[in-house]
1. Please go through the stretch 1-26 and pick out each residue that is in a helix (DSSP H, G or I), hydrophobic (A, V, I, L, M, F, W, C) and either free of Cβ contacts under 8 Å to residues at least 24 places away in the same chain or closer than 21 Å to Val98 by Cβ (or both).
2. Go through Lys53, Lys17, Lys33, Lys24 for me and flag whichever is in contact with a Gly (Cβ under 8 Å, 6 or more places away or on another chain), basic (Lys, Arg) and modelled with pLDDT of 95 or more.
3. Given (1) touching a strand residue (DSSP E or B) at 6+ places or on another chain (Cβ under 9 Å); (2) loosely packed, with under 12 Cβ neighbours inside 10 Å; (3) β-branched (Val, Ile, Thr), identify the lone condition not met by Ile37.
Amino acid sequence: MSSLKVSREFLDGPVAKIINQATKVAESMNGNKNFPIPPISPDGLQSVVNDLKLMETKAKDKKQQHIINRDVALADVQDFLLQNATYVENASKNDLVVLLSSGFEAKPNP
């Protein structure tokens, strides 16, 4: 039996999709008894998501510093999501329902 993995495809998508997925994960993991001690707390994740939202809005003016700030905020969100994704894979113990309760999507089996 192959072990379940979190899909990370959304991390290569547009910023808006990453924001939406990260928000879903933060909300789904908040108080979720399946994931009592994630490496990044739901509040911590939501905090960097909120920063990314602000930086994404500012970057629309195409100013170089705003774009750099957005990219730094994006890297923070991606890093936090990757840490929690690994935690979810381990904590879900190959149970699809538990994995999905995190707000992440499962990677399709080949």
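1. Once the filter is applied, which keeps residues that are in a helix (DSSP H, G or I), hydrophobic (A, V, I, L, M, F, W, C) and either free of Cβ contacts under 8 Å to residues at least 24 places away in the same chain or closer than 21 Å to Val98 by Cβ (or both), the stretch 1-26 yields Phe10, Ala22, Val25, Ala26.
2. Values: Lys53 fails: in contact with a Gly (Cβ under 8 Å, 6 or more places away or on another chain); Lys17 fails: in contact with a Gly (Cβ under 8 Å, 6 or more places away or on another chain); Lys33 fails: in contact with a Gly (Cβ under 8 Å, 6 or more places away or on another chain).
Selected residue: Lys24, the only one of Lys53, Lys17, Lys33, Lys24 that is in contact with a Gly (Cβ under 8 Å, 6 or more places away or on another chain), basic (Lys, Arg) and modelled with pLDDT of 95 or more.
3. That leaves (1) as the condition not met.
The values are calculated or read from the model by the stated rules, or taken from the named source; none is laboratory data. All of these numbers come straight from a predicted model, not from anything done at the bench. Every residue, glycine as well, gets a Cβ built from its backbone with ideal geometry; the counts of neighbours run over all protein chains shown.
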